[in-house]
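Written out below as structure tokens is the structure these notes cover.
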Amino acid sequence: MPTTPQTLPPAEPPTAPPSTVTPSELGRHLLTIRGFHFVLGALGDPYARLLRGEGDDTAALGDEIRRAGPLNRSHLGTWVTASAEAAAALLRDPRLDTRHPGGDRGHLGENLWETWRTCHVTPMDDALLTLPLADYRRLDRVNRPVLGPVTAGAWRADVRRAAGRVADGLGETFDLTADLVRPAVAASLSRVLGLSGPAGSGSSEGDPREGGAGVLGPAEREVAELLPRLGVALDAVLCPPRLPVARDLEEAVTRARALVHDLVTASAAEPGDDAVSAMLATGLGEADVAAACLLHLVAGAEIATATAADAIVALLDHPGQWAAVCRSPELAAGAVEETLRWSPPVRLVSRIAQEPLSAHGQEIDADAHVVIVVDAANRDLAGVADPDRFDLAHAGAPNLSLTGGGPEELVGPLARVVATEIVRAAARWPGLRADGAAVRRMRSPVVRAVVRLPLCR
């Protein structure tokens, strides 16, 4: 995938220069890393087994990593922690960042048999997922006044209407992800960001007879079709996708960048009642507004999708708790928070040591790769009784999800609102039940995304 500037230029569509990487070169690179994961996983390395993303018991692997010590080195060369104390400290450590010292962030041209660098598997510069942490802090100054922890809730009514509109179009049987969650995320983000125009316009050309996605307008439908293609990006940083998936991701990111560019240009010329217009009104640059918007489409959409889907799956697996949410829909927010603790949408956070450092009894060299296993660390936090159990009574318990200053923290507030309103929309059906087991995306160690679950209401 090509390398492009870190921010999106506002003057013209942000098309990337032609890639110098051939499909065969990219394919060999991805297969080599995949081979490392399989061989070392077969030899028993728990971190390598996590990265294979092939259905292993991830909770058991997290326990195994934790038992090895607060910070231990995988056979892949990566330092890994599943300890709550170590994870919290490392996520705050200013000596760790997302890129190698000097700015090197891609290893496509390297001989991996010599370097063993598997920290930036698929180049994600176009998607802005591997910017330096300082850049995310700068972008947060654009995002926070409009879609930050305090301000994101102002868009709740719009999100509730969008999610409700999708739910209203569903029949007696439907798929959790394809028919409810992804269309609702697409409708919500389209409305909040302004991709579907003024409030209510997104539904004008939909056909309710087509089901949940059938109520989407043309702009929302395009976003809904784009989101699953973008959804693999969070996983692709650490886990090699198949070559066709990697190439499709590249095309999807290019299209998303073009959508964002057109949106920001149009909003600058004619502001609307949407978040992008509100960001532009702060006087900050169009390029940074476009970058923040792209992060919501690439990272925020997948985080909201995974959180909502996992929350509904967990609640349906615990009928008493599902009944409680149906009786009191305000408990949907607590269900989302418990999902973030118990089954976070970003399970692995990747960092690079910028200098030699001592941490938790280990000496870590400069340029070394460090990974925090967030879901396992969340279950190691003090103050949670029976942490391996999903329980609404845990709502409000501390967790490390969507922290650390990366893209997931920036998009987290809006993703929480969207996920909560989707759970709330589903809670209109007390008799909702699964018609089979949830199918999760292969090669998805970061998100473990639910791709299919038939439901009956």
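Quick note: the coordinates plus some simple rules give every number you see, no bench work behind them. This structure is a prediction, so every number in the text was calculated from the model and none was measured. Cβ: placed from backbone, ideal geometry, glycine included. Neighbour counts: every protein chain shown.
Which of the helices in the chain, when you take each full DSSP H run, stretch at least 27 Å along the axis at their Cα atoms and have an average Kyte-Doolittle score of -1.0 or higher? Mind showing how you got there, number by number?
On the way: long enough: 23-42 (28 Å, 0.40); 243-269 (40 Å, 0.37); 407-426 (28 Å, 0.61).
Span-like helices in the chain: 23-42, 243-269, 407-426.
Find the Rg to Rh ratio for the chain, where Rh is the Kirkwood radius over alpha-carbon pairs and Rg uses the same atoms. Please report the intermediate quantities before stating the final value.
On the way: Rg = 21.0 Å, Rh = 22.1 Å.
Reported Rg/Rh, Kirkwood definition of Rh: 0.95.
Give the residue list of GluC sites (Glu not before Pro) in the range 227-307 that are DSSP loop and have at most 13 other beta-carbon atoms within 10 angstrom.
Values: sites: Glu250, Glu251, Glu286, Glu302; in loops: none.
When the GluC sites (Glu not before Pro) of the range 227-307 are filtered for loop state and at most 13 Cβ neighbours within 10 Å, nothing remains.
Extending each Cα 7 Å along its Cβ direction at Glu172 and Glu25, get the distance between those two points in nm, one decimal.
5.7 nm
Amide H of Asp126: which non-local residues (sequence gap of 5 or more, or other chain) have their own amide H closer than 5 Å, using H built in the peptide plane?
Correct list: Thr4.
Could you pull the Rg and Dmax for the range 261-361, using just the Cα atoms, both in Å?
Spelled out, the Cα radius of gyration and Dmax of the range 261-361 are 19.7, 57 Å.
Students often get this wrong: which residues of the range 240-270 have the backbone nitrogen under 16 Å from the point 7 angstrom along Cα-to-C-beta of Ala281?
267-270
Which listed residue (Ser267, Ala425, Ala186) has the Cα farthest towards the positive end of the charge dipole for the range 23-456, taking +1 on Lys and Arg C-beta and -1 on Asp and Glu C-beta about the Cα centre?
With unit charges placed on the Cβ atoms, the residue in question is Ala425.
Only counting other Cβ atoms within 10 Å, I'd like Thr282, Thr81 sorted with the fewest neighbours first. Present the calculation step by step, with values, prior to reporting the outcome.
Values: Thr282 13, Thr81 29.
By the 10 Å Cβ count, ascending, the order reads Thr282, Thr81.
If you average 1/r over all unlike Cα pairs in the range 25-142 and invert the result, what Kirkwood radius do you get in angstrom?
Numbers: mean 1/r = 0.0626 Å⁻¹.
The Cα-based Kirkwood calculation yields 16.0 Å.
For labels at Val439 and His318 in the simple 7 Å Cα→Cβ model, what's the distance in nm?
About 2.8 nm, to one decimal.
Find how many whole Å separate the alpha carbon centroid of the range 319-377 from the alpha carbon centroid of the range 94-166.
16 Å
To the nearest 500 deg cm²/dmol, what mean residue ellipticity at 222 nm is calculated for the chain from DSSP H runs of n ≥ 4 alone, each contributing -39,500 (n - 2.57), summed and divided by the residues?
On the way: 18 runs with 213 residues, N = 457.
The helix contribution divided over the chain gives -14500 deg cm²/dmol.
Which whole-number percent is the relative contact order of the chain (Cα, under 8 Å, 6+ apart)?
Working: 863 pairs, mean separation 110.5, N = 457.
Normalised by residue count, the contact order of the chain is 24 percent.
At R0 = 56 Å, how high is the FRET efficiency between Asp388 and Arg141 if r is their beta carbon distance? Nearest 0.05 is fine. List each step's numbers first, then the result.
Details: r = 38 Å, r/R0 = 0.69.
Once rounded, the FRET efficiency stands at 0.90.
What's the Kirkwood radius of the range 236-319 in Å, using all Cα pairs?
Working: mean 1/r = 0.0663 Å⁻¹.
Kirkwood radius, the range 236-319: 15.1 Å.
Contour minus end-to-end for Leu43 and Trp113, with contour as 0.36 nm per residue of separation and end-to-end as the Cα-Cα distance?
In short, 23.4 nm is gained.
Taking the Cα centre of the chain as origin and charging only Cβ (+1 Lys, Arg; -1 Asp, Glu), how large is the dipole, in debye to the nearest 20? Display every interim value, and only then the final one.
On the way: 45 positive and 58 negative charges, 113 e Å.
With Lys and Arg at +1 and Asp and Glu at -1, about 540 debye.
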